[in-house]
Amino acid sequence: MTNRQNRNAGAARAKFIDPFKYLALLAVLLSGIIITPVQAQEEQVPPGMTTIVNINTADAPTLAAGLNGIGTSRAEDIVRYREEFGAFTTLDQLTEVKGVGKSTLEKNRARITLE
């Protein structure tokens, strides 16, 4: 086989393989669209089913599990704040913890107790 024949054979093979590359890429892209998980929606707790969390006595895992928008790290910050400054005297005082804003407080106001 001559060099020219080799080049022609390679070109024919490349034309045959390229559509499969595009199909594989398309399959990967579509699988990402199909398999992409739906973002978790905030849990809506029906009235009467609300878990009440005492922010003055709860440990970090309890805070993280019981409050929306509060993860483990932020729950640990709440416990540290409480240990440093003492018990919370108002719910609004919770916003003094770095990373806990008014919106997080409002989402959880019905879930929080001080006693």
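Here, each number is a calculation from the coordinates, and none is a lab measurement. Owing to the predicted nature of the structure, the values given are computational and were not obtained by experimental measurement. Using ideal geometry, Cβ is built from the backbone for each residue, glycine included, and neighbour counts are taken over all protein chains shown.
In order along segment 72-77, the Karplus-derived 3J(HN,Hα) couplings, from 6.51 cos²θ - 1.76 cosθ + 1.60 at θ = phi - 60°, round to 4, 5, 5, 4, 5, 5 Hz, and Gly and Pro are given as x.
So for segment 53-113, considering every pair of alpha-carbon atoms, how many percent are separated by more than 17 Å? Numbers along the way, then the final one.
On the way: 415 of 1830 pairs.
So the pairs more than 17 Å apart make up 23 percent of the total in segment 53-113.
Summing Lys and Arg as +1 and Asp and Glu as -1 over all other residues whose Cβ lies under 10 Å from the Cβ of VAL100 gives a net charge of +1.
What order, most packed first, do the peptides 100-111, 60-71 have when packing is the mean number of other Cβ atoms within 10 Å of each residue? Before the final figure, lay out each step's value.
On the way: 100-111: 14.5, 60-71: 17.2.
So the peptides 100-111, 60-71, ranked by packing, come out 60-71, 100-111.
Around the amide H of ILE112, modelled in the peptide plane, lie the amide H atoms of VAL53, all under 5 Å away and 5 or more residues distant in sequence or on another chain.
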